[in-house]
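A short reminder: the numbers here are calculations on the coordinates, not readings from a lab. No experiment lies behind these values; they were computed from the predicted model shown. Virtual Cβ from ideal backbone geometry, glycine too; neighbours counted across all protein chains shown.
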Amino acid sequence: MSSRDKLLHPIFLLSIILLLTNDFFLKAYFHNELTGKLSDFAGLFAFPFFWSAVFPKRINFIHLSTVIIFLFWKSGHSQPLINFINLFGFQTFRTVDYTDYIAFISVLASYITFFKPPFATSRPSIIRFIALISIFAFVATTQERQQPTYEEDFKTIDLYNQSVHQLTVVVNFKYSDVELAGDTSLDNEFNRIDTLKLASGSYNTVRTPIPSWNNSKFPSGFKIIIIDSLGKLQKIYNKTAFLMAVDTSYNRQAQHESGSSWSLKIGKKIPEKIAPYTIYGRWQTTSSSQRQHTFEIRERYCYDVDPDSDLARYELKDSLITVMYPKKRVSGRITYLSENELYITWDDRKKLKYKKLYH
């Protein structure tokens, strides 16, 4: 009796049927937290069970790998991989929700069930058919399908990254079951936790679960978390901090909970006016810059060390620096400045990142 006969196990077949039914029918009509969890529970049973039947000598490795892959897949760290896959025309999708980890119990159930004797044997053609349907179900569950549209609009949050670094933004606009019981209109596809990657100078819009006609308050667990490019927590906005930080509305009034949309600028912006002494010192491009450039700037002169040049005069007006060489002048915009780090977008070198060698 072949290990692949285990694909005839009724629990495995039921999990594949649930996976397909949920992804192609239930999500399209209900699309709530229950349908999302159902995919996780069914998938985490069927996936390791299937591959264990194909590679019966790797049962332990397959089940452990399933846990590790799911941990990575359901975290924000998988977004670059998803973006890369989508470049090839695929519509790969997943929602970051750490409560999905409760579905790991299905991996344990798969492991225990696999060691039960096969219920039946069948012809190889039947086994191959089940295998093809299973692989289709695994691939289909990651594809983003068009969700049902709604006649009404939803309130939105516009996020703009004004810093020079990429930022990760986690928007928790998810209502609890108790809150949803009081207003079922909030139980829609936007009642979730969103994780966004915002490049420098980019923006994105998050739809909230609040219909435009609804004056519901924010969820009690509302939170916006800002994480820098190194994975370090930069800022957390609760409801009060968020409403104080968002831009004022068109009529210059402060925003409030019952507004129609909110606009939030995140990240540290370089001041428009820079005190000249803050830039004094010798600066050198970092290894990540495409062209090597070292220069020194003092109160009365600017000097290019690499490439070597004569002393030059310069002007610093707001965040615009202009260096006047004997035969040309070069301008640049300072987009970021700290004690030991400097970003300048030169008109002839594009954006360069510098580190301070000494004051």
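To the nearest 0.05, what FRET efficiency results for H359 and H256 with a Förster distance of 51 Å applied to their C-beta separation? List each step's numbers first, then the result.
Numbers: r = 47 Å, r/R0 = 0.92.
So the FRET efficiency works out to roughly 0.65.
What is the local net charge at K355, summed over the other residues whose Cβ is closer than 11 Å to its Cβ (Lys, Arg +1; Asp, Glu -1)?
Details: positive: R282, K353, K356; negative: E339, E341.
Taking every other residue near K355 into account, the sum is +1.
Just add up the charged neighbours of W51: K/R +1, D/E -1, any other residue whose Cβ is under 14 Å from the Cβ of W51.
My count for the surroundings of W51 gives +4.
Would you kindly state how much longer the chain becomes between I102 and L64 on full extension, computed as 0.36 nm times their sequence separation minus their alpha carbon distance, in nm to one decimal? Walk me through the numbers on the way to the answer.
On the way: separation 38, 0.36 × 38 = 13.68 nm, distance 1.55 nm.
Contour length minus the Cα-Cα distance gives 12.1 nm.
Let me know the charge dipole size of segment 154-266 about its Cα centre in debye, to the nearest 20, where only the beta-carbon of Lys, Arg (+1) and Asp, Glu (-1) is charged.
360
Strictly over 28 Å apart at the Cα level, which of K269/K328; K74/K223; K268/K355 would you flag in this model? If you can, show how the numbers build up before the last one.
Numbers: K269/K328 30 Å; K74/K223 19 Å; K268/K355 18 Å.
The answer is K269/K328.
Multiplying the sequence separation of V170 and A140 by 0.36 nm and subtracting their Cα-Cα distance, what value in nm do you get?
Computed gain between V170 and A140 is 8.2 nm.
Would you mind classifying segment 276-358 by shape? Square roots of the alpha carbon gyration tensor eigenvalues, ordered a ≥ b ≥ c; an a/c under 1.5 is rounded, otherwise it is prolate if a/b is larger than b/c and oblate if not.
Rounded is the answer for segment 276-358, as its axis ratio a/c remains below 1.5.
Taking the Cα-to-Cβ direction at N340 and at T205 and moving 7 Å from each Cα, how far apart do the two end points lie in nm?
For the pair N340/T205, the computed spacing is 4.2 nm.
Once you have a ≥ b ≥ c as the square roots of the Cα gyration tensor eigenvalues for segment 170-265, tell me rounded if a/c is under 1.5, and otherwise prolate or oblate according to whether a/b is larger than b/c. Mind dumping the intermediate values first?
On the way: a/c = 1.88, a/b = 1.28, b/c = 1.47.
In terms of gyration-tensor shape, oblate.
Using r as the Cβ-Cβ distance of Q79 and S212, and R0 as 25 Å, what FRET efficiency do you calculate, to the nearest 0.05? Write down the numbers at each step before the final one.
Details: r = 29 Å, r/R0 = 1.15.
Working from the Cβ atoms, E equals 0.30.
May I ask you to order 36-47, 174-185 by the average number of other C-beta atoms within 10 Å around their residues, highest value first?
The packing order, highest mean first, is 36-47, 174-185.
Quick check: pseudo-label points 7 Å beyond the Cα along Cα→Cβ at T240 and K265, how many nm apart are they?
Result: 2.5 nm between the two label points.
Given labels modelled 7 Å from the Cα in the Cβ direction, how far is it in nm from K116 to Q162?
Inter-label distance under the simple model: 6.0 nm.
How much length, in nm to one decimal, is gained on full extension between I11 and Y277, taken as 0.36 nm per residue of separation minus their Cα-Cα distance?
That pair, I11 and Y277, stretches by 88.6 nm at full extension.
Summing +1 for each Lys or Arg and -1 for each Asp or Glu, what net charge is found among the other residues whose Cβ lies under 10 Å from the Cβ of S216?
Residues near S216 contribute -1 overall.
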